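Take a look at the following structure, please.
The values are calculated or read from the model by the stated rules, or taken from the named source; none is laboratory data. Keep in mind that what you see is a predicted model, and the values were worked out from it rather than measured. The area values use the complete protein model at the heavy-atom level, side chains included, leaving out ligands, DNA and RNA. Shrake-Rupley method; radii C 1.70, N 1.55, O 1.52, S 1.80 Å.
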Amino acid sequence: MVKKLFIVPYESYNDKILSAIKDSTNKYNKICYISLNKTHSGLSELIKKQNIDINKFHFMDSVTPSLFRIKKHKNCTFIDDPSNLEKTGNLILNTIKTQKSDLVIIDSVSSLLVYKSDKEVMPFLEYLLSFLEEMDTDVILFALKQDINHPCIGQIEMRVDETKELEDKK
């Protein structure tokens, strides 16, 4: 199992995550993309525009249920109450098992930290990472560069195999 944390500048966030995703699709066949800041439909369009094989993805969308009436999608599971981390964690793990995902992308830790405290986010991520290790499923976590000094990001850095800052080219 490989665990990576990508630190991404706000100004080029979409470009950087799409580049990282594109690189990942060459290595993985079933990707579970957990979106805490974009709708499934918006994210799907971004991915398609990059000529990335959308069929490799199953999305978990926590944004759409709070904005729109949801319609069932074969490649999306909606997270109705992302504030309930225990329920959300169980839904995520069941989806990963059902989909037989070989990569999980969490977009993003920074979004989680907007709504929940370190004391809630770290046990949630520890729970997910432990189960992903047991299932031998790789994981990529994204966080904003502005949060690099946040204690939670430091704790995550100790749990991952690699931390990489995706800088803008000068």
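Tell me which residues, restricted to the stretch 18-35, are open to solvent by less than 20 Å² (accessible area, probe 1.4 Å) and either outside any helix (DSSP H, G or I) or modelled with pLDDT under 90 (or both). Steps first, please.
Here is the first cut: in the stretch 18-35, the residues open to solvent by less than 20 Å² (accessible area, probe 1.4 Å) are 18, 20-21, 24-25, 31-35.
Once the filter is applied, which keeps residues that are open to solvent by less than 20 Å² (accessible area, probe 1.4 Å) and either outside any helix (DSSP H, G or I) or modelled with pLDDT under 90 (or both), the stretch 18-35 yields A20, I21, S24, T25, I31, C32, Y33, I34, S35.
Would you be able to tell me the number of residues in the stretch 79-116 that are among the charged types (D, E, K, R) and within 13 Å of the chain's Cα centre (by Cα)? Show your work before the answer.
Initially, the stretch 79-116 is screened for residues among the charged types (D, E, K, R), giving 80-81, 86-87, 97, 100, 102, 107, 116.
Cutting the leftovers down to within 13 Å of the chain's Cα centre (by Cα) gives us 107.
Residues that pass the stated criteria total 1.
I'd like to verify a number: residues in the stretch 115-170 that are among the polar types (S, T, N, Q) and part of a helix (DSSP H, G or I), how many? First the steps, then the outcome.
Step one: filter the stretch 115-170 for residues among the polar types (S, T, N, Q), giving 117, 130, 137, 146, 149, 155, 163.
From the residues that got through so far, the ones that are part of a helix (DSSP H, G or I) too are 130, 146, 155.
Going through the stretch 115-170 one residue at a time, the tally reaches 3.
So, in the stretch 155-170, exactly how many residues are over 17 Å from S24 (Cα atoms) and open to solvent by 30 Å² or more (accessible area, probe 1.4 Å)?
8
Of everything in the stretch 96-140, what is of a type in the set (A, V, I, L, M) and open to solvent by 70 Å² or more (accessible area, probe 1.4 Å)? Give them in sequence order. Quick ask: steps written out before the conclusion?
Restricting attention to the stretch 96-140, the residues satisfying the condition of being of a type in the set (A, V, I, L, M) are 96, 103-106, 109, 112-114, 121-122, 125, 128-129, 132, 135, 139-140.
Of everything in the stretch 96-140, just one residue is of a type in the set (A, V, I, L, M) and open to solvent by 70 Å² or more (accessible area, probe 1.4 Å), namely V114.
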